[in-house]
Amino acid sequence: RAKEQGRNNYQFYTTDMNALTQQRLSLENDLRQAVERSELEMYYQPKVSLKDGRIVGAEALIRWKHPERGFVPPGDFIPLSEENGLILPIGEWLLRDICQQIRHWHDEGLHPPCIAINISGRQFQRQNLPDLVAQIMADSNIQPDDIELELTEGTIMSNAETNIEMLVMLKRMGLSLAIDDFGTGYSSLSYLKRFPIDVLKVDYSFVRDITTDNNSAELVRGVIGMAHGLKLEVVAEGVETAAQLELLRQYGCDVIQGFLFSKPLPAGEFAALVKADRRLG
Ligand code: C2E
Ligand code: MG
Ligand code: MG
Ligand code: MG
């Protein structure tokens, strides 16, 4: 009897696994075609200066509108695309799409603020990243100060020694560089000092708790102080409440990004927001 049950469990388990594998495979197949079918779209989330409350930049965030599944969050397909390598064509597509969008905004007379682009670990490991970025900037006729590259702390700190060379190359091209999700990986402070980084983005998980947890608050205050000591600009991500904003202001944070000011917006809505913001000033 026990044996029988065990077998049933086993069968149940394999069916379950098959369903999961099946689901994953079909998502993977769909993702392969997503670029050609124009199902991917870049959204833009404003970054606001705490000095004057103006929009000083934006982060480009990818969105996938699947014909049957609806909206698939990047957290569900970016890690998958990192594993199967699809991040390389997708990453190239989005670099091009963003740079062409920036070109389009310039042509329209809207001088867009600096747009931050997320670069995945796998893209960063490719030696041709600087060439690819240079080629795409040239094709779209945009300047290095039009864009900023975001690399997660995890990406930068794995193989830190060899990564320094890549960062130096990108920096020499005139690009601004940001460490993303700071606080979630392991940073060696000595590397932080040597990396040619301009911006440090404090991870959402710390920002979320600053008004309720004293340890998070002290960590964020400490990180801001340290970053300023290293002459880095500090961006707090995931700012949702006025109370969080107030604390960040007290701690001397430079820039905020989060639902409190705006969620990520389609390009047209983002441009309208930038225009309105400039009319005010
Ligand atoms: P990330 O780079 O840290 O992006 C910030 C995430 O926080 C975004 O999630 C954004 O929508 C979300 N966010 C912004 N403000 C708030 C807020 O006030 N509250 C909360 N709860 N969340 C907020 P999203 O767009 O779902 O992206 C998740 C992650 O997926 C990104 O984290 C990034 O690692 C990756 N990702 C997104 N777009 C791209 C892309 O174009 N390329 C690459 N390589 N990765 C991307
Ligand atoms: Mg980011
Ligand atoms: Mg981030
Ligand atoms: Mg984050």
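The values are calculated or read from the model by the stated rules, or taken from the named source; none is laboratory data. The structure displayed is predicted, hence computed values, not measured ones. Note that each Cβ is placed from the backbone with ideal geometry, even for glycine, and that neighbours are counted across all protein chains shown. Accessible surface is based on the protein model in full, side chains and every heavy atom, while ligands, DNA and RNA are left aside. Shrake-Rupley method; radii C 1.70, N 1.55, O 1.52, S 1.80 Å.
Based on the alpha-carbon gyration tensor of the stretch 222-268 and its eigenvalue square roots a ≥ b ≥ c, which shape applies: rounded if a/c is under 1.5, prolate if not and a/b is larger than b/c, or oblate?
oblate
Kindly give Rg over Rh for the stretch 61-219, based on alpha-carbon atoms, with the Kirkwood expression for the hydrodynamic radius. Don't jump to the answer; show the numbers that get you there.
Values: Rg = 16.9 Å, Rh = 17.1 Å.
Here Rg/Rh amounts to 0.99.
Which of the three applies to the stretch 152-281, rounded, prolate or oblate, going by the alpha-carbon gyration tensor with a ≥ b ≥ c and a/c under 1.5 meaning rounded? Write out the running numbers ahead of the final one.
On the way: a/c = 2.08, a/b = 1.25, b/c = 1.67.
Judged from the Cα gyration tensor, the stretch 152-281 comes out oblate (a/c at least 1.5, b/c at or above a/b).
In angstroms, what radius of gyration and Dmax does the chain have, counting Cα atoms only?
21.0, 78
Only helical DSSP H runs with n ≥ 4 go in: add -39500 (n - 2.57) per run for the chain, normalise by residue count and round the 222 nm mean residue ellipticity to 500 deg cm²/dmol.
Numbers: 12 runs with 150 residues, N = 281.
Mean residue ellipticity, 222 nm, calculated: -17000 deg cm²/dmol.
Between Glu240 and Arg279, what's the calculated FRET efficiency when r is the beta-carbon distance and R0 is 22 Å? Round to 0.05. Display every interim value, and only then the final one.
Values: r = 26 Å, r/R0 = 1.20.
Step by step, r from the Cβ atoms, then E = 0.25.
So, how do all the Cα-to-Cα distances of the stretch 27-96 break down into 5 Å bins, in percent, from 0 on up?
For the stretch 27-96, the binned pair fractions read 3, 15, 26, 22, 12, 8, 7, 5, 2, 0 percent.
Determine the percent antiparallel among the DSSP beta bridges restricted to the chain, to the nearest 5. Before the final figure, lay out each step's value.
Details: 16 of 39 bridges.
Antiparallel: roughly 40 percent of the beta bridges in the chain.
Sticking with the crude label model, points 7 Å out along Cα→Cβ, report the distance from Ser38 to Ser26 in nm, one decimal please.
Going from the Ser38 label point to the Ser26 one covers 2.6 nm.
Between the stretch 77-96 and the stretch 97-165, how many Å separate their Cα centres?
First find each Cα centre; the distance between them is then 14 Å.
If the chain between His111 and Asn84 were fully stretched, how many nm would it gain, using 0.36 nm times the residue separation less the Cα-Cα distance?
On the way: separation 27, 0.36 × 27 = 9.72 nm, distance 3.71 nm.
In short, 6.0 nm is gained.
Shape call for the stretch 125-183 from the C-alpha gyration tensor, a ≥ b ≥ c root eigenvalues: rounded (a/c under 1.5), prolate (a/b greater than b/c) or oblate? Could the numbers behind the result be given before it?
On the way: a/c = 2.37, a/b = 1.63, b/c = 1.46.
It is prolate, given that a/c is not under 1.5 and a/b is the larger ratio.
Counting pairs of alpha carbon atoms under 8 Å apart in space and at least six apart in sequence, what relative contact order in percent does the stretch 121-259 give?
Working: 197 pairs, mean separation 24.9, N = 139.
18 percent.
Counting only protein chains, not ligands or nucleic acids, how are Tyr204, Tyr44, Tyr186 ordered by accessible area (probe 1.4 Å), most first? Spell out each step's value before the answer.
Numbers: Tyr204 85, Tyr44 0, Tyr186 205 Å².
If we order Tyr204, Tyr44, Tyr186 from most to least accessible, we get Tyr186, Tyr204, Tyr44.
Normalised by the number of residues in the chain, what is the relative contact order in percent for Cα pairs under 8 Å and 6+ residues apart? Please report the intermediate quantities before stating the final value.
Values: 403 pairs, mean separation 49.7, N = 281.
Over the chain, the number comes to 18 percent.
Can you pull the accessible area of Thr152 for me, 1.4 Å probe, Å² to the nearest 10?
My reading of the accessible area for Thr152 is about 40 Å².
How high is the relative contact order of the stretch 234-281, in percent, with contacts defined as C-alpha pairs under 8 Å that are six or more residues apart? Please list the in-between numbers first.
Details: 32 pairs, mean separation 18.6, N = 48.
In percent, rounded to a whole number, it is 39.
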